[in-house]
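Following: one structure in structure tokens, then a few remarks.
What follows is calculated from the coordinates using simple rules that are stated; it is not laboratory data. Worth saying up front: this structure is predicted, and the values here are computed from it rather than measured. Every residue, glycine among them, receives a Cβ derived from its backbone with ideal geometry; neighbour counts consider all protein chains shown.
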Amino acid sequence: DTAALKQLDRAHHLHPFTDLHAYAEQGGRIVNRAEHIYIHDTDGNTMLDGMSGLWCCNLGYSQKQIVEAVYRQLQELPYYNNFFKCSNQPAVELATMLSEVTPGQFKHVFFTNSGSEANDTNIRLVHRYYDLLGKPEKKLIISRKNAYHGSTIAAGSLGGMAPMHKQVIGLDYIHHINQPHWFENGGDMSPEDYGVQVARELEAKIDELGEDKVAAFIAEPVQGAGGVIIPPSTYWPEVQRICDERDILLIADEVICGFGRTGKWWGSETYGMKPHLMTFAKAVTNGYMPLGGVMVGDKVADVLLAGGGEFAHGLTYSGHPAACAAGIATLNVLKETNIIETSATEVAPHFQRRLREFESHPVVGQVRGQGMFAAVELVKDKGSRERLAPESAGAVFCRDSANKNGLMVRQTGDAMIMAPPLVCSTGEIDILIEKLGIALDETAAHYGV
Ligand code: PLP
């Protein structure tokens, strides 16, 4: 009974990143079924999922191989821990497979349940690394404004979103610099000059805090939840130069970018980054089981393995056999179907090309994207980049309009955000474009643009 279920949802279920008061009053939809790239709700609506769930179901919803692998594993060994000098076969196999699909220097992995915990783990690893090197004063981490790195206290402190920081008292060893958002802040500068200028804020921050105190810089190759901020081509090479020259560890948060989102296995590869640590989660199991982790590069791993004493960090479910079985099956599907390359060469170019048709739409200020990852920035005035409505109301209207027309997209600030499953066909991309076009037209009509 849909009405009863919705009533119980409003009465008992506190939803993440939700206005709890409004939800308790109004409720939402109950999603009860999904296949391929479509989700269904108990009111009989079918929606094309332009967000791959929450950037995780890169292979869509019909991957039986993953479901069966989890079922088999639960029957054989549903759980055992990895603490008591014990391991389990799926954890070993997945660790090995991950080391094969990451750049050469990554041979070790620490498993968590989520991206947030993985980013906490990064801090633990970095601090342990410098302690073992005899440099315990190197504790400071530099991150970026508008970043999202998760919701635990440490990951929330790493993140740089102002509304979240109003509710999280950030850890004092974490500092923030600007993100390379050319459309928002670049003014009259070329994207290339702007990219170098923002990257050099890292150098200035290291000078301000002291090179002997700064341990690491963490960033997403492309800021996702912050609005799919595609960095200017000059940004990452300059950041890399600074990290190398100043001996700062570089942490790439690949929680969204990993597993094909930007057209290669890792966002770091797309942008030529050479990180020492990489966070993953989400698409590692295609979103079917909770799993995250940190890929630990040789520079850090060599010190951890050489140093004596316990690494006092871990989670009951680190290397959970059923979650790892889902990860193995997901990696097998990715490899067997060659979907990362197919989507990068056939579907993503079509997606990006079709999206750019909206550049002439009256409410569109910028279309940006890479691979199966994109944002459409809404404006009232293309020349001045004046926003459509205060407090992102224009983009909220547009998102609601898209949802009403059967397209699941997300709104961040004034941008419409899209990350469709890699298994989309070009025909399905055309359907997404058509639905987005209707939402943009309705938005333009509503605001009289
Ligand atoms: N890092 C990034 C880049 C993310 O986008 C997210 C979640 O959206 C996280 C970390 C946190 O992951 P989780 O929600 O699994 O804790």
Among GLU336, GLU137, GLU25, which one moves the most in a GNM of the chain with springs linking Cα atoms closer than 10 Å?
GLU25
For the range 219-351, report the % of Cα-Cα distances exceeding 28 Å.
25 percent
To the nearest 20 debye, the range 65-337 has a Cα-centred charge dipole, built from +1 on Lys and Arg Cβ and -1 on Asp and Glu Cβ, of 560 debye
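If you take every residue apart from ARG387 with its C-beta less than 11 Å away from the C-beta of ARG387, what net charge results, scoring Lys and Arg +1 and Asp and Glu -1? Please list the in-between numbers first.
Details: positive: LYS380, ARG385; negative: GLU184, GLU377, ASP381, GLU386, GLU391, ASP414.
Computed value for this residue: -4.
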State the percent of C-alpha pairs, over all pairs in the range 189-231, separated by a distance greater than 18 angstrom.
42 percent
Hey, if you drop one equal point scatterer on each alpha-carbon of the chain and run the Debye formula without solvent, what base-10 log of I(q)/I(0) do you get at q = 0.09 Å⁻¹?
-0.59
Sequence neighbours fewer than 8 away in the same chain don't count; with that in mind, list the lysines whose C-alpha is under 18 Å from LYS274.
LYS107, LYS264, LYS299
Using all Cα-Cα distances in the range 107-232, what percent lands in each 10 angstrom bin from 0 up to the longest?
13, 39, 36, 11, 1
Return the single residue from ALA252, ALA34, ALA323 with maximal mean-square fluctuation; model: Gaussian network over the chain, springs between Cα atoms under 10 Å.
ALA34
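If the chain between THR96 and LYS145 were fully stretched, how many nm would it gain, using 0.36 nm times the residue separation less the Cα-Cα distance? Could the numbers behind the result be given before it?
Values: separation 49, 0.36 × 49 = 17.64 nm, distance 3.44 nm.
Length difference between fully extended and current span is 14.2 nm.
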Under the 7 Å Cα-to-Cβ spin-label approximation, ALA11 and ARG29 lie apart by a distance in nanometres of 2.5 nm
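So what is the orientation-averaged projected area of the range 324-449, using the convex hull of its C-alpha atoms, in nm²? Mind showing how you got there, number by number?
Working: hull surface 34.0 nm².
Averaged projected area of the range 324-449's Cα convex hull equals 8.5 nm².
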Could you state the per residue volume, in Å³, of the convex hull enclosing the Cα atoms of the range 6-75?
132 Å³
The answer for the net charge of residues other than GLY309 whose Cβ lies under 14 angstrom from its Cβ, with Lys and Arg +1 and Asp and Glu -1, is 0
Return the single residue from TYR288, TYR61, TYR79 with maximal mean-square fluctuation; model: Gaussian network over the chain, springs between Cα atoms under 10 Å.
TYR79
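What 222 nm value per residue comes from the helices of the chain, counting each DSSP H run with n ≥ 4 as -39,500 (n - 2.57) and dividing by all residues, nearest 500 deg cm²/dmol?
Numbers: 18 runs with 188 residues, N = 449.
About -12500 deg cm²/dmol.
Count charges around GLY258 for me, please; just the other residues with Cβ under 12 Å from its Cβ, Lys/Arg as +1, Asp/Glu as -1.
Working: positive: ARG261, LYS264, LYS282; negative: GLU220, ASP253, GLU254, GLU269.
After counting each charged neighbour, the total is -1.
In nm, what is the difference between 0.36 nm times the number of residues separating GLU386 and THR342 and their Cα-Cα distance? Write down the numbers at each step before the final one.
Working: separation 44, 0.36 × 44 = 15.84 nm, distance 3.81 nm.
Extra length from GLU386 to THR342 when fully extended: 12.0 nm.
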